[in-house]
Amino acid sequence: MKNDLQFDFTVDKATKTVIINREFNAELPLVWDAFTKPELLDQWVAPKPWSSKTKHMTFGVGGRRFYAMVSPEGFERWAVQEYTSITPKTNFKMFNTFADQNENRELPGSNWDHSFSEQNGITKVSITIFNESLERLEKMIEMGFEQGFKMSIDNLDQLLKTLSSK
């Protein structure tokens, strides 16, 4: 088991891009499932004490996930993720945007590119997030995206440990 797992988080305002590289002590099929199955996504994707609830999800090209991040007080922040490309166990791309509770999108959004690879039981996930506008990128940063994402990844680490031990 590797203890010095890679975790890089880079914001490049010039290209309106966030680049994230993270390694996990888990096999690729399990990590892939954690990113592509709603029952697993809802267990880790929201930074605590927030939670995630998926209203509906179809993981396939042209499919989408409609979900909310829910605060402890019950405030819901909805988002739509539309899957634009999928290469099983290797890569998927999606368009992500905030929305209201009726799935009306708040544009602009961002394009997410997830790549997965495994070596010696360590799975690396590389995520590139291209924002349609600098204003959207700055709003993400102001909303605490980096800290929240890191907290969510810690949740994922714990979930993967639990699932790997079963």
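Computed from the coordinates by the stated procedures, all read-outs in this text should not be read as laboratory data. Computed from a prediction, not measured in an experiment: that's the story for all the values here. FYI the Cβ positions are ideal-geometry reconstructions off the backbone, even for glycines, and counts take in every protein chain you see.
What to note about this one:
- Karplus-derived HN-Hα couplings along region 113-119 (A = 6.51, B = -1.76, C = 1.60, θ = phi - 60°), whole Hz, x at Gly and Pro: 10, 9, 10, 10, 8, 10, 9
- Simple label model, 7 Å out from Cα along Cβ direction - GLN147 to PHE9, nm: 1.0
- Taking each residue as 0.36 nm, the span from LYS37 to ILE127 lengthens on full extension beyond its C-alpha to C-alpha distance by 30.7 nm.
- Around the Cα centre of the chain, unit charges on the Cβ atoms of Lys, Arg, Asp and Glu (plus for the first two, minus for the last two) sum to a dipole of about 300 debye.
- Sites listed here are trypsin sites (Lys or Arg not before Pro) in region 1-93 whose DSSP assignment is loop and whose Cβ has at most 12 other Cβ atoms within 10 Å: LYS2, LYS13.
- Mean projection of the Cα convex hull over all viewing directions, computed for the chain: 9.6 nm².
- Close Lys-Lys pairs in region 35-157, where close means Cα under 27 Å and separation is 8 or more or interchain: 27
- Loop-located chymotrypsin sites (Phe, Trp or Tyr not before Pro) in region 64-162 (DSSP state other than H, G, I, E, B) with a sparse environment of at most 10 neighbouring Cβ atoms within 10 Å: PHE75.
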